[in-house]
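The structure appears right after this line, and notes come after that.
Please treat every number below as a calculation from the coordinates, not as lab data. Predicted model only: the values in this text are computed from it and were never measured. Counting neighbours? That spans all protein chains shown, and the Cβs are built from the backbone with ideal geometry, glycine included.
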Amino acid sequence: MPSSYFASRKESRHDFLVREVRELSPRLASHLPDVELVEEVHAASNYSYHIKEFTGKGYLCVGDSHRFIDPIFSFGVHVSFAEARMVSEAIARYLNGDGRDAVNPFAAYQRRSELGQGVVQSLIDAFWNRPLAFGFFVHVRYVEDCIDMFAGRIYEEEPSPGLVAMRKLLEKAPEDMSAFQSSLGKSLLCLQEGLKLLYLGATSFGIRYSDLEQAKAFAYDTRSWNVFFAKLAERYEKLAEEALDARQTQSAIAWLEDSVNYYYFSQVFLTGDQKAAYQACSRRAYAQLAPLLNPPCRRVMMPFMDTHLPGYLRVGKSGAPCVLLVGPGSDPTSKEVVLHRLAEVFLKRGMSVAYFDGPGTGRTDRYPADERR
Ligand SMILES: Cc1cc2nc3c(=O)[nH]c(=O)nc-3n(C[C@H](O)[C@H](O)[C@H](O)COP(=O)(O)OP(=O)(O)OC[C@H]3O[C@@H](n4cnc5c(N)ncnc54)[C@H](O)[C@@H]3O)c2cc1C
């Protein structure tokens with residue numbers, strides 16, 4: 001219960017609890033009209049505790065008896081059982097004569113227990129104190145690492161990249177965080193505004209509305225937007241591979257089209273190497289898609305001045321008029337890939353299509369010499 005909420009009600013603890021419980025479940029309250037509390041209502045601001053030295057000659061503690069962090073992630077029973085197992089082994093070793101002369105025969109158990117509980121502590125601290133970043137890490141950035149930790153794999157000697165990132169975030173001083181959060185808030189607002197405009201373009205290129213909505217919920221800056229769509233693109237590319245293995249060509253085409261589009265949208269806000277990398281992925285997916293298409297899609301290099309323009313040719317019917325589609329805009333993107341959907345419109349109407357990246361607008365200027373042949 002947030003303390004600000006309790007303060008805002010201006011009630012005694014007793015009245016607060018009785019009213020809250022009644023409002024929480026009116027149905028239950030109707031069965032219990034005259035509740036009488038058997039003792040005074042107590043409040044605890046934080047009921048976690050941590051005893052640092054909990055083993056020694058002749059004694060050791062397990063579970064809640066030395067540390068309690070927070071019930072919210074439900075680690076308590078798992079930790080108690082894991083520690084009970086470690087302790088049973090440690091006691092058996094001691095009874096067999098191991099560590100009899102050590103100052104603390106159970107020091108190794110104590111260290112391991114602290115290692116695991118430390119992971120739980122970091123998770124819970126990040127959850128409460130850095131909720132936005134926590135959500136992003138769990139759902140987008142470090143999904144596998146977070147699944148591992150939530151599944152109870154918390155006794156690893158080497159911290160995972162997800163755990164390291166969470167701890168780094170927690171190390172930031174509060175004043176750093178307020179600057180960080182205010183810039184986060186601003187970029188979030190800009191992003192939300194920008195996203196509204198993007199929706200229109202994105203859906204026309206085949207990005208699903210449900211994916212856009214998810215991206216909006218998780219993305220807190222432009223980078224998280226890119227990562228979100230790139231992960232989806234990767235997943236669709238894998239699904240296409242599986243469909244190809246199973247000789248399901250239509251499904252493979254559909255997944256590859258998704259992959260092309262999603263990689264393309266991953267680079268929308270980017271500049272530099274990462275942008276080029278996602279564009280390359282989009283083109284790679286398109287190169288896989290092209291041979292599967294009907295009518296066939298042939299890669300062509302059109303001579304233009306001292307260079308060649310990369311593009312594709314698709315002949316609908318022989319003798320059909322051929323529409324030339326040239327990639328517009330000055331943003332250096334993989335235009336010949338983007339033009340695919342437009343090409344489909346003309347092909348469906350019986351025309352042939354040649355589409356390519358216009359001179360000076362895309363990768364034409366930077367096209368490697370050995371690929372021009
Ligand atoms: C509100 C709340 C919700 C929680 N929700 C979850 C959850 O959803 N999932 C989860 O995994 N964990 C949850 N936990 C944590 C979990 O309950 C504990 O971490 C776990 O039960 C600890 O096990 P333990 O064996 O160390 O201690 P305990 O379960 O407390 O066992 C200690 C036992 O020792 C007994 N005892 C104490 N003193 C003596 C004595 N002198 N002589 C004899 N017996 C004694 C006690 O009566 C008790 O039965 C929650 C905890 C709380 C407070």
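Sorting 122-134, 71-83 by average packing, meaning the other beta carbons within 10 Å per residue, from highest down gives 122-134, 71-83.
Assign one of three labels to the chain, namely rounded, prolate or oblate, based on the Cα gyration tensor with a ≥ b ≥ c the square roots of its eigenvalues; rounded applies when a/c is under 1.5, prolate when it is not and a/b is larger than b/c, and oblate otherwise. Before the final figure, lay out each step's value.
Numbers: a/c = 2.87, a/b = 2.00, b/c = 1.44.
Prolate.
When the pairs Lys216/Lys348; Lys57/Lys168; Lys168/Lys216 are compared against a 27 Å limit on Cα-Cα distance, Lys216/Lys348; Lys57/Lys168 fall above it. When each of the peptides 269-276, 284-291 is scored by how many other beta carbons lie within 10 Å of its residues on average, the order from highest to lowest is 284-291, 269-276.
Protection proxy ranking, highest mean first, for peptides 104-117, 234-247, 7-20: 104-117, 234-247, 7-20, where packing is the per-residue count of other beta-carbon atoms within 10 Å, averaged.
The distance from the alpha carbon centre of region 242-274 to that of region 1-19 is 53 Å, rounded to a whole number. In region 49-171, taking the dipole from charged Cβ atoms about the Cα centre, the farthest positive-side position among Phe137, Ala82, Tyr94 is held by Tyr94.
Cross-link partners of Lys52 among aspartates and glutamates, defined as those whose alpha carbon lies under 18 angstrom from its own and excluding same-chain residues fewer than eight positions apart: Asp64, Asp70, Glu83, Glu114. Using C-alpha pairs under 8 Å with a sequence gap of at least 6, the mean separation divided by the residue count of the chain gives a relative contact order of 8 percent. Please state the shape class of region 49-171: rounded when a/c is under 1.5, otherwise prolate if a/b exceeds b/c and oblate if not, all from the C-alpha gyration tensor. The shape class here is prolate. Residue exposure proxy: Val103, Val353, Val62, ordered by other Cβ atoms within 10 angstrom of their Cβ from fewest to most, comes out as Val103, Val62, Val353.
Under the convention that each Lys and Arg Cβ holds +1 and each Asp and Glu Cβ holds -1, the size of the dipole of region 1-147 around its Cα centre is about 340 debye. Long hydrophobic helices in the chain: the complete DSSP H runs spanning 30 Å or more by Cα along their own axis with mean Kyte-Doolittle hydropathy of at least 0.0 are 174-204.
Rounded to the nearest 500, what is the chain's calculated 222 nm mean residue ellipticity when only DSSP H runs of at least 4 contribute -39500 (n - 2.57) each, over all residues? Provide the component values of the computation, followed by the final result.
Details: 15 runs with 207 residues, N = 373.
Computed mean residue ellipticity for the chain: -18000 deg cm²/dmol.
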